[in-house]
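Following: one structure in structure tokens, then a few remarks.
Rule-based calculations on the coordinates, nothing more; no lab input. The model shown is predicted, which means the values in this text are computed figures rather than measured ones. Cβ coordinates were reconstructed from backbone atoms using ideal geometry, including for glycine residues, and neighbour counts include every protein chain displayed.
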């Protein structure tokens, strides 16, 4: 059986990766990074599927020159943070119920003996 700590650790790793990629994209867009750089292309290509549910939600704001603020990406950053927190709380809630049910069962068994 997979432990709850392992599941929560994998969830946190996944959320940190998603937030890191989206956050890096936000910074690169804000600084007007050139898409000719392989790292910038990799970040944009990797973050594209993460941002697809939020595309068109808010307009991007272009400042001077290539400087762009993607409000949809900023919203996605907070959405993934919130989603990770909610899933973590659900897992912890059910794990605690499972542990408490096991303790109650052991107490009843000891009382019967």
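Using R0 = 35 Å, the C-beta based FRET efficiency linking residue 4 and residue 71 works out to 0.45. With kT/(6 pi eta Rh) evaluated at 10 °C and eta = 1.306 mPa s, and Rh the Kirkwood radius from Cα pairs, the chain diffuses with a coefficient of 94 µm²/s according to Stokes-Einstein. Taking the square roots of five times each eigenvalue of the Cα gyration tensor of segment 32-71, the equivalent ellipsoid has semi-axes of 18, 17, 4 Å, listed largest first. On a 0 to 90 degree scale, rounded to 10, what angle separates helix 4-31 from the longest Cα axis of the chain? In the chain, helix 4-31 runs at an angle near 10 degrees to the longest axis. In terms of surrounding Cβ atoms within a 10 Å radius of their Cβ, 80, 98 rank from fewest to most as 98, 80. Summed over qualifying helices (DSSP H, 4 residues or more, each -39500 (n - 2.57)) and divided by its residue number, the chain shows a 222 nm mean residue ellipticity of -26500 deg cm²/dmol. Full extension of the chain between residue 46 and residue 90 gives 13.0 nm of extra length, using 0.36 nm per residue less the Cα-Cα distance.
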